[in-house]
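Only one structure is covered here, and it is reproduced in the block below.
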Amino acid sequence: MIWIVVIGSRSTILYSFRFLKQCVMKQLSLYTFLLLLLGVSMQSCFEDKCNATQRFTQFDPVYLSLAQIRQPITFDSPRELLNVGKLYLYKDYLFINELGEGVHVYDNSDDTDPISIGFLTIPGNFDIAIQNDVLYADNVMDFVSIDINNLTNPVLIDRAEEAFYKYSFNNQYLAYYRESKVVQVVDCQNANFGGGWFFEGDVLFANDAAGGVVSSESANSNVSGTGGSTARFTLVNDYLYTIDQSNLTSWNIDAGAITLGSTQNLGWGIETIFPYEDNLFIGSNTGMFIFDNSNQSNPTLLSTFRHARACDPVVVSGNTAYVTLRNGSFCESFTNQLDVIDITDLLNPTLIKTFAMENPHGLSIRNNFLYICEGDYGLKIFDASDSDKISDNLVSNLKNIKATDIITLPNDRALVIGKDGLIQYDISDKESPVLLSTITTSK
């Protein structure tokens with residue numbers, strides 16, 4: 001018998017388990033530890049005796065010394081795209097994260113033929129944002145700013161040390177997990193039988209994973225890039241906002257100089273951030289947080305919309321927020337749905353309607369068209385002009401791709417990222433998007 005379990009975004013998994021491992025080892029979250037213990041106990045209750053072959057993705061921890069983490073940032077020769085992370089667009093350049101290792105850079109001036117020009121090596125990197133030719137990135141537990149005015153010669157501007165959570169062992173710091181495929185014969189009595197993920201020592205075993213537009217355009221003269229709905233970094237004017245599993249932090253950025261604004265703890269399970277007008281919308285495992293960002297150094301919590309426990313990116317247009325919830329992930333949810341929320345009163349967001357989905361991930365809303373990445377089920381485009389009838393107004397469904405996040409652009413272009421790579425479309429005709437180009441992984 002073959003047991004295959006599939007879950008969500010690898011970047012979220014790797015980032016989250018880095019934090020989860022720290023919580024368990026350092027006893028920062030007794031509740032999380034008890035949940036893990038309960039899960040193991042429940043599985044051990046089965047009395048059936050059998051053996052089964054289970055396929056896992058094995059994630060071996062990669063530890064780095066401070067010297068390795070804080071080595072000079074380099075722009076190296078192009079390399080193979082293997083473990084796809086998040087997507088970011090800046091000017092005519094595509095930046096695709098290689099989970100935990102750095103960023104692939106492509107010249108996308110001709111979107112029918114993107115050209116790989118190099119690899120920006122940043123150990124322990126998962127997220128970036130770019131403004132005025134300065135790239136901001138996580139570098140394991142540090143937060144760095146890098147001058148990329150000359151891409152082939154990046155220059156470190158500033159480093160905020162220990163800005164993010166860290167896990168260390170024998171003066172080594174957990175940077176990321178290196179992926180490999182394994183097949184194990186597991187006794188049904190084994191506590192890990194049928195589990196989605198588990199640790200054996202420092203090695204993480206999980207099932208195969210899969211993974212939208214955060215516009216950083218400002219009202220001032222700043223030139224900023226665009227990320228997807230699963231972003232953990234976002235820019236608003238002269239401030240950059242970062243989230244980790246529990247905190248929202250604002251940073252003042254002045255020509256690359258990094259100054260801490262404020263940090264607010266929101267509890268466990270913070271996932272994504274989306275700026276809209278003078279507000280920040282934060283997606284978590286259990287709900288959506290709405291912040292007033294008129295004081296950019298210290299956003300103020302206005303309200304929280306609670307939902308079932310699930311992974312949930314959020315995007316906003318006008319007085320409506322769109323939230324996807326999915327199962328089969330570390331969020332331990334059994335829900336696949338789209339929540340449409342009325343945010344006319346930011347102090348009292350209310351549910352308009354819930355629509356069933358297959359396995360929704362990232363999403364984007366533009367000109368009343370809603371784009372939802374359905375993981376292994378492809379990309380769906382809906383006419384969202386009537387919030388009560390979105391699921392009835394499916395315009396097209398691209399089923400032959402893996403889609404985990406998306407960026408849509410004013411020039412009718414869509415950039416779709418998934419575990420197999422990047423796909424670019426001309427979406428002038430929403431019923432029949434035209435394939436422009438692909439960047440495929442080498443796996």
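The values are calculated or read from the model by the stated rules, or taken from the named source; none is laboratory data. Quick caveat, the model's predicted, so the values are computed rather than measured. Virtual Cβ from ideal backbone geometry, glycine too; neighbours counted across all protein chains shown.
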Single residue of Ser396, Ser385 found to be in a strand (DSSP E or B) and more than 19 Å from the chain's Cα centre (by Cα) | Ser396
Restricting to strands (runs of 3 or more DSSP E) lying wholly in the range 36-125: which have 2 or more residues that are outside the structural domain of Gly362 (by TED's automatic domain parsing), at pLDDT below 75 and farther than 22 Å from Val140 by Cβ?
-> 51-64
Test for Phe281: is it at pLDDT 95 or above and in a strand (DSSP E or B) = yes
Those residues that are at pLDDT 95 or above and surrounded by 15 or more Cβ atoms within 10 Å (Cβ to Cβ), I need them from the range 144-155; list them, please.
-> Val144, Ser145, Ile146, Asp147, Ile148, Pro154
With criteria (1) crowded, with 21+ Cβ neighbours inside 10 Å; (2) of a type outside the set (Ser, Thr, Tyr); (3) in contact with a Leu (Cβ under 7 Å, 6 or more places away or on another chain), Asp111 comes up short on (1)
Is it the case that Ser224 is buried (at least 19 other Cβ atoms within 10 Å of the Cβ), at pLDDT below 95 and over 16 Å from the mean Cα position of the chain (by Cα)?
-> yes
Of (1) within 30 Å of Asp412 (Cβ to Cβ); (2) in contact with a Phe, Trp or Tyr (Cβ under 8 Å, 6 or more places away or on another chain), Thr112 satisfies all except one. Which?
-> (2)
Can you tell me which residue among Leu347, Leu325, Leu302 is closer than 23 Å to Trp268 by Cβ and modelled with pLDDT of 95 or more?
-> Leu302
Near pairs, Cβ below 9 angstrom, 6+ apart or cross-chain, from the range 419-439 (closer than 15 Å to Pro114 by Cβ) to any residue that is basic (Lys, Arg) and part of a strand (DSSP E or B) = Gln424/Arg413; Tyr425/Arg413; Asp426/Arg413; Leu436/Arg413
Do the conditions hold for Ile372, that is, is it assigned to a strand (DSSP E or B), closer than 24 Å to Ile343 by Cβ and assigned by TED's automatic domain parsing to the domain that holds Ala231?
-> yes
With criteria (1) in contact with a Pro (Cβ under 8 Å, 6 or more places away or on another chain); (2) farther than 22 Å from Val223 by Cβ; (3) buried (at least 20 other Cβ atoms within 10 Å of the Cβ), Ser116 comes up short on (3)
Residue satisfying all of: in the range 382-407; touching a Ser or Thr at 6+ places or on another chain (Cβ under 8 Å) and crowded, with 24+ Cβ neighbours inside 10 Å; farthest from Leu436 (Cα to Cα) among these | Phe382
Condition met for Tyr276 (aromatic (Phe, Trp, Tyr) and either in contact with a His (Cβ under 6 Å, 6 or more places away or on another chain) or buried (at least 22 other Cβ atoms within 10 Å of the Cβ) (or both)) | no
Considering only residues of the range 156-172 that are part of a loop (DSSP other than H, G, I, E, B) and surrounded by 14 or more Cβ atoms within 10 Å (Cβ to Cβ), which is modelled with the highest pLDDT?
-> Ala163
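Yes or no, residue by residue, for (1) closer than 14 Å to Gln131 by Cβ; (2) modelled with pLDDT under 95; (3) assigned to a strand (DSSP E or B); (4) more than 18 Å from the chain's Cα centre (by Cα):
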{"residue": "Ser229", "(1), (2), (3), (4)": "no, yes, no, no"}
{"residue": "Leu240", "(1), (2), (3), (4)": "yes, no, yes, no"}
{"residue": "Thr249", "(1), (2), (3), (4)": "no, no, yes, no"}
{"residue": "Asn252", "(1), (2), (3), (4)": "yes, no, yes, yes"}
Within the range 279-286, can one find any residue that is among the aromatic types (Phe, Trp, Tyr) and either surrounded by fewer than 21 Cβ atoms within 10 Å (Cβ to Cβ) or over 26 Å from Asn132 (Cβ atoms) (or both)?
-> no
Tell me which residues, restricted to the range 126-155, are of a type in the set (D, E, K, R) and outside any loop (DSSP other than H, G, I, E, B).
-> Asp138, Asp142, Asp147
